[in-house]
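One structure below.
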Amino acid sequence: MQAINVSIEVDKRLWAQDIAGSRAHAAMLARQGIISAEAAQEIDAGLQTIIGEIEAGTFPFRAEYEDIHMNVEARLRELIGATAGRLHTARSRNDQVATDFRLWVRDRVDYTIAQLRDLQKALVTRAEDYADALMPGFTHLQPAQPVTFGHHLMAYVEMFGRDATRFEDARKRMNENPLGSAALAGSPFNIDRHMTAEALGFDRPTANSLDGVSDRDFALESLSHAAICAGHLSRLAEEIVIWTTPQFGFIRLSDSFSTGSSIMPQKRNPDAAELVRAKTGRINGALIALTTVMKGLPLAYSKDMQEDKPPVFEAFESLDLALAAMTGMVRDLSANLERMKAAASSGFSTATDLADWLVRNLNMPFRDAHHVTGAAVKLAEGQGVDLSQLSLADLQKLEAGITEDVYSVLTPEASAASRLSYGGTSPVRVREQIQRWKEILA
(Lines give C-alpha, C1' and ligand atoms only; values in the text may rest on other atoms or scores of the structure.)
Protein backbone atom coordinates (compact mmCIF):
# COMPACT_ATOMS: atom_id res chain seq x y z
CA MET A 1 0.00 0.00 0.00
CA GLN A 2 2.80 2.39 0.82
CA ALA A 3 4.52 1.64 -2.47
CA ILE A 4 1.46 2.47 -4.55
CA ASN A 5 0.32 5.38 -2.37
CA VAL A 6 3.54 7.33 -1.85
CA SER A 7 4.32 10.17 -4.27
CA ILE A 8 7.09 12.18 -2.60
CA GLU A 9 9.73 11.26 -5.18
CA VAL A 10 7.50 12.77 -7.86
CA ASP A 11 5.81 15.71 -6.18
CA LYS A 12 8.74 16.97 -4.12
CA ARG A 13 9.51 19.27 -7.03
CA LEU A 14 6.37 21.18 -5.99
CA TRP A 15 8.05 22.29 -2.78
CA ALA A 16 8.39 25.96 -3.74
CA GLN A 17 4.76 26.21 -4.81
CA ASP A 18 3.60 24.31 -1.72
CA ILE A 19 5.42 26.60 0.67
CA ALA A 20 4.29 29.72 -1.20
CA GLY A 21 0.68 28.56 -0.87
CA SER A 22 1.12 27.80 2.82
CA ARG A 23 2.64 31.20 3.55
CA ALA A 24 -0.20 32.96 1.75
CA HIS A 25 -2.76 30.81 3.56
CA ALA A 26 -1.25 31.46 6.99
CA ALA A 27 -1.14 35.22 6.38
CA MET A 28 -4.81 35.18 5.34
CA LEU A 29 -5.84 33.13 8.40
CA ALA A 30 -4.16 35.67 10.66
CA ARG A 31 -5.72 38.69 8.98
CA GLN A 32 -9.14 37.10 9.21
CA GLY A 33 -8.61 36.39 12.92
CA ILE A 34 -8.83 32.63 12.42
CA ILE A 35 -5.36 32.11 13.91
CA SER A 36 -3.30 34.59 15.93
CA ALA A 37 -0.73 36.88 14.38
CA GLU A 38 1.90 35.23 16.59
CA ALA A 39 0.99 31.77 15.28
CA ALA A 40 1.20 33.04 11.71
CA GLN A 41 4.63 34.54 12.37
CA GLU A 42 5.88 31.25 13.86
CA ILE A 43 4.53 29.32 10.89
CA ASP A 44 6.09 31.71 8.40
CA ALA A 45 9.48 31.59 10.12
CA GLY A 46 9.35 27.80 10.15
CA LEU A 47 8.45 27.66 6.48
CA GLN A 48 11.35 29.96 5.62
CA THR A 49 13.65 27.64 7.54
CA ILE A 50 12.36 24.75 5.44
CA ILE A 51 13.05 26.73 2.27
CA GLY A 52 16.63 27.14 3.40
CA GLU A 53 16.95 23.42 4.17
CA ILE A 54 15.58 22.36 0.77
CA GLU A 55 17.81 24.81 -1.08
CA ALA A 56 20.81 23.57 0.91
CA GLY A 57 19.92 19.93 0.22
CA THR A 58 19.52 19.07 3.90
CA PHE A 59 15.73 18.69 4.06
CA PRO A 60 14.75 15.14 5.12
CA PHE A 61 12.30 14.00 2.42
CA ARG A 62 10.64 10.89 3.91
CA ALA A 63 8.44 8.31 2.18
CA GLU A 64 6.55 7.70 5.44
CA TYR A 65 4.92 11.11 4.97
CA GLU A 66 3.66 10.20 1.50
CA ASP A 67 3.78 13.52 -0.36
CA ILE A 68 5.34 16.97 -0.35
CA HIS A 69 2.45 18.48 1.63
CA MET A 70 2.76 16.08 4.55
CA ASN A 71 6.57 16.22 4.43
CA VAL A 72 6.53 20.01 4.81
CA GLU A 73 3.89 19.93 7.52
CA ALA A 74 5.70 17.20 9.47
CA ARG A 75 8.99 19.10 9.32
CA LEU A 76 7.22 22.30 10.35
CA ARG A 77 5.89 20.53 13.46
CA GLU A 78 9.40 19.37 14.29
CA LEU A 79 10.61 22.96 14.01
CA ILE A 80 7.86 24.94 15.79
CA GLY A 81 5.77 22.37 17.62
CA ALA A 82 1.99 22.19 17.89
CA THR A 83 1.47 25.61 16.30
CA ALA A 84 2.25 23.93 12.98
CA GLY A 85 -1.10 22.15 13.20
CA ARG A 86 -2.95 25.46 12.84
CA LEU A 87 -1.70 25.88 9.29
CA HIS A 88 -4.12 23.30 7.92
CA THR A 89 -7.16 25.18 9.23
CA ALA A 90 -9.73 25.82 6.45
CA ARG A 91 -7.90 23.85 3.78
CA SER A 92 -7.49 20.28 2.56
CA ARG A 93 -4.78 18.45 0.72
CA ASN A 94 -7.25 18.45 -2.17
CA ASP A 95 -7.23 22.21 -2.68
CA GLN A 96 -3.60 22.38 -1.60
CA VAL A 97 -2.36 20.05 -4.35
CA ALA A 98 -4.66 21.68 -6.92
CA THR A 99 -3.12 25.05 -6.04
CA ASP A 100 0.46 23.79 -6.02
CA PHE A 101 0.05 22.04 -9.35
CA ARG A 102 -1.50 25.12 -10.99
CA LEU A 103 1.33 27.27 -9.72
CA TRP A 104 3.91 24.81 -11.07
CA VAL A 105 2.26 24.56 -14.50
CA ARG A 106 1.87 28.35 -14.65
CA ASP A 107 5.57 28.79 -13.87
CA ARG A 108 6.58 26.31 -16.56
CA VAL A 109 4.24 27.88 -19.10
CA ASP A 110 5.89 31.26 -18.43
CA TYR A 111 9.32 29.68 -18.93
CA THR A 112 8.23 27.91 -22.10
CA ILE A 113 6.84 31.13 -23.57
CA ALA A 114 10.19 32.83 -22.90
CA GLN A 115 11.99 29.93 -24.61
CA LEU A 116 9.70 30.14 -27.63
CA ARG A 117 10.37 33.85 -27.96
CA ASP A 118 14.11 33.18 -27.75
CA LEU A 119 13.83 30.59 -30.52
CA GLN A 120 11.83 33.03 -32.64
CA LYS A 121 14.51 35.68 -32.20
CA ALA A 122 17.16 33.21 -33.34
CA LEU A 123 15.08 32.31 -36.41
CA VAL A 124 14.46 35.98 -37.28
CA THR A 125 18.19 36.71 -37.06
CA ARG A 126 19.03 33.84 -39.41
CA ALA A 127 16.17 34.76 -41.75
CA GLU A 128 17.61 38.24 -42.03
CA ASP A 129 21.02 36.74 -42.85
CA TYR A 130 19.45 34.69 -45.64
CA ALA A 131 16.59 36.91 -46.85
CA ASP A 132 17.91 36.75 -50.45
CA ALA A 133 19.32 33.22 -50.42
CA LEU A 134 17.54 31.03 -52.96
CA MET A 135 16.47 27.47 -52.20
CA PRO A 136 13.88 25.12 -53.63
CA GLY A 137 10.45 25.22 -52.06
CA PHE A 138 8.92 21.77 -51.83
CA THR A 139 5.56 20.08 -51.94
CA HIS A 140 5.52 16.30 -51.43
CA LEU A 141 9.28 16.78 -50.85
CA GLN A 142 9.56 17.41 -54.58
CA PRO A 143 10.98 20.71 -55.93
CA ALA A 144 8.03 23.03 -56.49
CA GLN A 145 8.95 26.73 -56.78
CA PRO A 146 11.98 28.77 -55.79
CA VAL A 147 11.77 30.44 -52.38
CA THR A 148 14.30 32.13 -50.16
CA PHE A 149 15.85 30.46 -47.15
CA GLY A 150 14.82 33.48 -45.12
CA HIS A 151 11.20 32.93 -46.13
CA HIS A 152 11.43 29.26 -45.15
CA LEU A 153 12.82 30.11 -41.72
CA MET A 154 10.15 32.76 -41.19
CA ALA A 155 7.48 30.08 -41.64
CA TYR A 156 8.71 28.57 -38.37
CA VAL A 157 8.63 31.99 -36.70
CA GLU A 158 4.91 32.03 -37.46
CA MET A 159 4.44 28.49 -36.12
CA PHE A 160 6.26 29.12 -32.86
CA GLY A 161 4.44 32.44 -32.54
CA ARG A 162 1.13 30.56 -32.52
CA ASP A 163 2.57 28.17 -29.95
CA ALA A 164 3.50 31.08 -27.68
CA THR A 165 0.06 32.68 -27.95
CA ARG A 166 -1.64 29.35 -27.26
CA PHE A 167 0.33 29.05 -24.02
CA GLU A 168 -0.50 32.68 -23.20
CA ASP A 169 -4.21 31.97 -23.67
CA ALA A 170 -3.98 28.84 -21.53
CA ARG A 171 -2.27 30.84 -18.80
CA LYS A 172 -5.20 33.24 -18.63
CA ARG A 173 -7.65 30.39 -18.13
CA MET A 174 -5.55 28.59 -15.54
CA ASN A 175 -4.89 31.70 -13.47
CA GLU A 176 -7.62 31.03 -10.90
CA ASN A 177 -6.95 30.05 -7.30
CA PRO A 178 -8.37 26.74 -5.98
CA LEU A 179 -7.10 27.40 -2.43
CA GLY A 180 -10.05 27.70 -0.08
CA SER A 181 -12.14 25.11 -1.91
CA ALA A 182 -11.05 22.78 0.92
CA ALA A 183 -11.86 19.09 0.42
CA LEU A 184 -14.71 19.73 -2.03
CA ALA A 185 -17.44 21.89 -0.46
CA GLY A 186 -15.65 25.05 0.65
CA SER A 187 -14.95 26.14 4.23
CA PRO A 188 -17.16 27.23 7.17
CA PHE A 189 -14.38 29.59 8.32
CA ASN A 190 -14.44 33.26 7.38
CA ILE A 191 -11.61 32.94 4.87
CA ASP A 192 -10.70 35.51 2.23
CA ARG A 193 -9.97 33.62 -0.98
CA HIS A 194 -9.41 36.86 -2.89
CA MET A 195 -6.53 37.69 -0.54
CA THR A 196 -4.75 34.39 -1.16
CA ALA A 197 -5.45 34.66 -4.88
CA GLU A 198 -3.78 38.07 -4.99
CA ALA A 199 -0.85 36.92 -2.87
CA LEU A 200 -0.17 34.03 -5.25
CA GLY A 201 -0.56 36.08 -8.43
CA PHE A 202 -3.91 34.62 -9.45
CA ASP A 203 -6.52 36.80 -11.12
CA ARG A 204 -9.39 35.45 -9.01
CA PRO A 205 -10.47 32.45 -6.92
CA THR A 206 -12.16 29.51 -8.62
CA ALA A 207 -15.94 30.00 -8.56
CA ASN A 208 -16.97 26.44 -7.68
CA SER A 209 -15.33 24.40 -4.95
CA LEU A 210 -16.07 21.04 -6.61
CA ASP A 211 -14.49 22.21 -9.83
CA GLY A 212 -11.67 23.88 -7.93
CA VAL A 213 -10.29 20.64 -6.49
CA SER A 214 -11.06 18.35 -9.43
CA ASP A 215 -10.13 20.49 -12.44
CA ARG A 216 -7.04 19.49 -14.37
CA ASP A 217 -7.98 21.26 -17.60
CA PHE A 218 -5.05 23.62 -17.09
CA ALA A 219 -2.66 20.67 -17.28
CA LEU A 220 -4.47 19.02 -20.19
CA GLU A 221 -4.60 22.24 -22.17
CA SER A 222 -0.93 22.93 -21.53
CA LEU A 223 -0.02 19.41 -22.63
CA SER A 224 -2.12 19.83 -25.76
CA HIS A 225 -0.25 23.01 -26.65
CA ALA A 226 3.04 21.30 -25.80
CA ALA A 227 2.18 18.48 -28.22
CA ILE A 228 1.44 20.94 -31.04
CA CYS A 229 4.68 22.78 -30.31
CA ALA A 230 6.60 19.50 -30.26
CA GLY A 231 5.15 18.75 -33.69
CA HIS A 232 6.51 22.05 -35.00
CA LEU A 233 9.91 21.34 -33.47
CA SER A 234 9.87 17.88 -35.03
CA ARG A 235 9.13 19.30 -38.49
CA LEU A 236 12.07 21.69 -38.27
CA ALA A 237 14.28 18.95 -36.81
CA GLU A 238 13.36 16.67 -39.72
CA GLU A 239 14.32 19.36 -42.22
CA ILE A 240 17.63 19.90 -40.45
CA VAL A 241 18.30 16.15 -40.65
CA ILE A 242 17.52 16.18 -44.39
CA TRP A 243 19.39 19.39 -45.14
CA THR A 244 22.59 18.17 -43.47
CA THR A 245 22.81 15.01 -45.59
CA PRO A 246 25.49 15.04 -48.32
CA GLN A 247 22.71 14.45 -50.85
CA PHE A 248 21.13 17.81 -49.95
CA GLY A 249 24.07 19.64 -48.38
CA PHE A 250 22.00 22.77 -47.74
CA ILE A 251 23.31 23.47 -44.23
CA ARG A 252 26.09 22.48 -41.87
CA LEU A 253 26.05 22.13 -38.10
CA SER A 254 29.27 22.57 -36.17
CA ASP A 255 30.73 19.96 -33.86
CA SER A 256 28.79 21.60 -31.04
CA PHE A 257 25.55 20.15 -32.43
CA SER A 258 26.86 17.09 -34.30
CA THR A 259 28.34 13.82 -33.15
CA GLY A 260 30.74 11.34 -34.67
CA SER A 261 30.42 7.62 -35.16
CA SER A 262 32.03 4.97 -32.98
CA ILE A 263 33.26 3.18 -36.11
CA MET A 264 33.04 5.60 -39.06
CA PRO A 265 35.31 8.62 -38.55
CA GLN A 266 33.84 10.59 -41.45
CA LYS A 267 30.34 10.79 -39.97
CA ARG A 268 28.70 14.02 -38.78
CA ASN A 269 25.44 12.92 -37.23
CA PRO A 270 22.72 15.52 -36.48
CA ASP A 271 21.93 13.85 -33.15
CA ALA A 272 20.54 16.97 -31.52
CA ALA A 273 17.94 17.33 -34.27
CA GLU A 274 17.09 13.63 -34.13
CA LEU A 275 16.58 13.77 -30.38
CA VAL A 276 14.37 16.85 -30.69
CA ARG A 277 12.33 14.90 -33.21
CA ALA A 278 12.07 11.95 -30.82
CA LYS A 279 10.93 14.06 -27.85
CA THR A 280 7.61 14.44 -29.67
CA GLY A 281 6.77 10.86 -28.68
CA ARG A 282 7.22 11.56 -24.98
CA ILE A 283 5.17 14.73 -25.13
CA ASN A 284 2.33 13.20 -27.14
CA GLY A 285 2.39 10.23 -24.78
CA ALA A 286 2.05 12.52 -21.78
CA LEU A 287 -1.09 14.09 -23.25
CA ILE A 288 -2.64 10.67 -23.87
CA ALA A 289 -1.66 9.52 -20.36
CA LEU A 290 -3.36 12.44 -18.61
CA THR A 291 -6.49 12.40 -20.77
CA THR A 292 -6.80 8.72 -19.89
CA VAL A 293 -6.33 9.37 -16.16
CA MET A 294 -9.02 12.05 -16.15
CA LYS A 295 -11.52 10.18 -18.32
CA GLY A 296 -14.69 9.31 -16.41
CA LEU A 297 -13.59 10.51 -12.96
CA PRO A 298 -16.61 11.43 -10.84
CA LEU A 299 -16.54 14.70 -8.91
CA ALA A 300 -14.74 15.72 -6.88
CA TYR A 301 -11.25 14.41 -6.03
CA SER A 302 -10.05 10.86 -6.67
CA LYS A 303 -6.61 9.46 -5.95
CA ASP A 304 -6.27 8.77 -9.67
CA MET A 305 -5.24 12.44 -9.85
CA GLN A 306 -1.98 11.60 -8.11
CA GLU A 307 -0.99 10.30 -11.57
CA ASP A 308 -1.50 13.75 -13.12
CA LYS A 309 1.94 15.09 -12.32
CA PRO A 310 4.45 12.57 -13.79
CA PRO A 311 3.34 13.07 -17.42
CA VAL A 312 3.21 16.85 -17.04
CA PHE A 313 6.64 17.03 -15.42
CA GLU A 314 8.16 14.79 -18.08
CA ALA A 315 6.48 16.59 -20.97
CA PHE A 316 7.67 20.04 -19.94
CA GLU A 317 11.18 18.82 -19.21
CA SER A 318 11.27 17.27 -22.70
CA LEU A 319 9.79 20.36 -24.36
CA ASP A 320 12.09 22.79 -22.61
CA LEU A 321 15.16 20.73 -23.52
CA ALA A 322 13.99 20.43 -27.14
CA LEU A 323 13.43 24.19 -27.39
CA ALA A 324 16.87 24.92 -25.96
CA ALA A 325 18.52 22.47 -28.37
CA MET A 326 16.64 23.81 -31.38
CA THR A 327 17.52 27.41 -30.50
CA GLY A 328 21.16 26.38 -30.31
CA MET A 329 21.04 24.62 -33.67
CA VAL A 330 19.40 27.58 -35.40
CA ARG A 331 22.10 29.91 -34.10
CA ASP A 332 24.79 27.40 -35.05
CA LEU A 333 23.82 26.41 -38.59
CA SER A 334 25.47 27.82 -41.70
CA ALA A 335 23.96 27.58 -45.18
CA ASN A 336 25.62 26.40 -48.38
CA LEU A 337 24.27 29.15 -50.61
CA GLU A 338 25.60 27.77 -53.91
CA ARG A 339 24.20 24.31 -53.24
CA MET A 340 20.77 25.70 -52.36
CA LYS A 341 20.73 28.02 -55.36
CA ALA A 342 21.62 25.19 -57.72
CA ALA A 343 18.86 23.06 -56.25
CA ALA A 344 16.41 25.94 -56.65
CA SER A 345 16.96 25.73 -60.40
CA SER A 346 16.27 22.02 -60.62
CA GLY A 347 13.05 20.17 -61.27
CA PHE A 348 11.64 22.82 -63.64
CA SER A 349 10.86 24.98 -60.62
CA THR A 350 9.92 28.00 -62.74
CA ALA A 351 7.19 26.17 -64.66
CA THR A 352 4.45 28.04 -62.81
CA ASP A 353 6.17 31.31 -63.70
CA LEU A 354 5.90 30.39 -67.37
CA ALA A 355 2.19 29.67 -66.94
CA ASP A 356 1.68 32.96 -65.10
CA TRP A 357 3.54 34.82 -67.87
CA LEU A 358 1.20 33.34 -70.49
CA VAL A 359 -1.82 34.46 -68.46
CA ARG A 360 -0.49 37.98 -67.87
CA ASN A 361 0.98 38.68 -71.28
CA LEU A 362 -1.18 36.68 -73.66
CA ASN A 363 -4.44 36.82 -71.69
CA MET A 364 -4.57 33.04 -71.84
CA PRO A 365 -6.90 31.16 -69.44
CA PHE A 366 -4.78 29.59 -66.70
CA ARG A 367 -5.84 26.04 -67.54
CA ASP A 368 -4.71 26.55 -71.13
CA ALA A 369 -1.46 28.10 -69.90
CA HIS A 370 -1.01 25.11 -67.61
CA HIS A 371 -1.31 22.79 -70.63
CA VAL A 372 1.24 24.77 -72.68
CA THR A 373 3.65 24.81 -69.75
CA GLY A 374 3.30 21.06 -69.33
CA ALA A 375 4.24 20.62 -72.95
CA ALA A 376 7.26 22.91 -72.46
CA VAL A 377 8.42 20.86 -69.47
CA LYS A 378 8.09 17.67 -71.48
CA LEU A 379 10.12 19.22 -74.31
CA ALA A 380 12.86 20.43 -71.95
CA GLU A 381 12.96 17.06 -70.25
CA GLY A 382 13.40 15.37 -73.60
CA GLN A 383 16.28 17.67 -74.49
CA GLY A 384 17.89 17.32 -71.06
CA VAL A 385 17.77 21.08 -70.41
CA ASP A 386 15.98 23.47 -68.08
CA LEU A 387 13.05 25.63 -69.20
CA SER A 388 15.26 28.71 -69.42
CA GLN A 389 17.51 26.83 -71.87
CA LEU A 390 14.77 26.09 -74.40
CA SER A 391 15.11 28.17 -77.54
CA LEU A 392 12.55 30.80 -78.38
CA ALA A 393 11.73 28.87 -81.54
CA ASP A 394 10.95 25.76 -79.50
CA LEU A 395 8.66 27.72 -77.19
CA GLN A 396 6.91 29.41 -80.11
CA LYS A 397 6.12 26.01 -81.61
CA LEU A 398 4.06 25.43 -78.47
CA GLU A 399 2.53 28.94 -78.41
CA ALA A 400 3.19 31.41 -81.20
CA GLY A 401 2.63 34.47 -79.03
CA ILE A 402 5.60 33.79 -76.74
CA THR A 403 8.28 36.48 -76.97
CA GLU A 404 11.86 36.96 -75.76
CA ASP A 405 10.44 38.61 -72.62
CA VAL A 406 9.47 35.18 -71.28
CA TYR A 407 13.10 34.53 -70.27
CA SER A 408 12.85 37.31 -67.70
CA VAL A 409 10.68 35.06 -65.50
CA LEU A 410 12.40 31.72 -66.05
CA THR A 411 15.26 32.18 -63.56
CA PRO A 412 14.88 31.27 -59.88
CA GLU A 413 15.89 34.82 -58.88
CA ALA A 414 13.15 36.35 -61.01
CA SER A 415 10.63 33.79 -59.80
CA ALA A 416 11.27 34.51 -56.13
CA ALA A 417 11.41 38.28 -56.64
CA SER A 418 8.06 38.24 -58.43
CA ARG A 419 6.17 36.76 -55.45
CA LEU A 420 5.22 40.16 -54.10
CA SER A 421 1.83 39.28 -52.64
CA TYR A 422 1.53 39.78 -48.88
CA GLY A 423 3.30 36.91 -47.16
CA GLY A 424 5.13 35.91 -50.35
CA THR A 425 8.74 34.82 -50.77
CA SER A 426 10.00 37.98 -52.46
CA PRO A 427 12.96 39.29 -50.43
CA VAL A 428 11.07 42.58 -50.14
CA ARG A 429 8.16 40.84 -48.41
CA VAL A 430 10.45 38.65 -46.32
CA ARG A 431 12.21 41.72 -44.93
CA GLU A 432 8.84 43.29 -44.13
CA GLN A 433 7.91 40.24 -42.07
CA ILE A 434 11.31 40.21 -40.39
CA GLN A 435 10.80 43.81 -39.33
CA ARG A 436 7.27 43.07 -38.13
CA TRP A 437 8.49 40.23 -35.95
CA LYS A 438 11.41 42.24 -34.63
CA GLU A 439 8.91 44.78 -33.34
CA ILE A 440 6.67 42.09 -31.84
CA LEU A 441 9.56 40.31 -30.13
CA ALA A 442 11.03 43.55 -28.82
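The values are calculated or read from the model by the stated rules, or taken from the named source; none is laboratory data. Just so you know, these numbers come straight off a predicted model, no measurement behind them. Positions of Cβ are generated from backbone atoms using ideal geometry, with glycine treated the same way; all protein chains shown enter the neighbour counts. Surface accessibility is based on the protein's heavy atoms, side chains included, excluding ligands, DNA and RNA. Shrake-Rupley method; radii C 1.70, N 1.55, O 1.52, S 1.80 Å.
Details
- For the range 1-89, the solvent-accessible area of protein heavy atoms averages 47 Å² per residue (probe radius 1.4 Å; ligands and nucleic acids excluded).
- Helix-only arithmetic for the chain: the sum of -39500 (n - 2.57) across DSSP H runs with n ≥ 4, divided by the residue total, places the mean residue ellipticity at 222 nm at -20500 deg cm²/dmol.
- Inter-site label distance for SER346 and GLU432 at 7 Å from Cα along Cβ, in nm: 3.3 nm
- The residue list ILE402, VAL428, HIS370 was ranked by how far each Cα lies along the charge dipole of the range 346-441 toward its positive end, using unit charges on Cβ atoms, and VAL428 comes out on top.
- Packing, as the average of other Cβ atoms within 10 Å across residues, places the peptides 174-186, 194-206 in the order 174-186, 194-206, highest first.
- Extension gain, ARG252 back to GLU274 (0.36 nm per residue minus Cα-Cα distance, nm): 6.4 nm
- Modelled label reach - LEU321, point 7 Å along Cα→Cβ, the range 94-128 residues with backbone N closer than 17 Å: 112
- Taking 0.36 nm per residue of sequence separation and removing the Cα-Cα distance, the ASP394/SER36 pair yields an extension gain of 119.2 nm.
- Sequence of LYS279, LYS303 when ordered by accessible area, the most exposed leading, probe 1.4 angstrom: LYS303, LYS279
- The chain, dipole about Cα centre (Lys/Arg Cβ +1, Asp/Glu Cβ -1), debye to the nearest 20: 180 debye
- Protection-proxy order for peptides 65-71, 146-152, each taking the mean of Cβ atoms within 10 Å per residue, highest first: 146-152, 65-71
- Axial C-alpha extent at least 27 Å, average Kyte-Doolittle at least 0.5 - helices from the chain (DSSP): 217-243, 271-294
- For the chain, with all protein chains in place and a probe radius of 1.4 Å, 53% of the accessible heavy-atom surface sits on carbon or sulfur.
- For the range 1-141, the alpha-carbon radius of gyration amounts to 1.57 times the rule-of-thumb value 2.2 N^0.38 Å expected for a compact globular protein.
- Once all protein chains are placed together, ARG102 keeps about 10 Å² accessible to a 1.4 angstrom probe.
- Between ARG204 and LEU299, the contour length at 0.36 nm per residue exceeds the Cα-Cα span by 32.0 nm.
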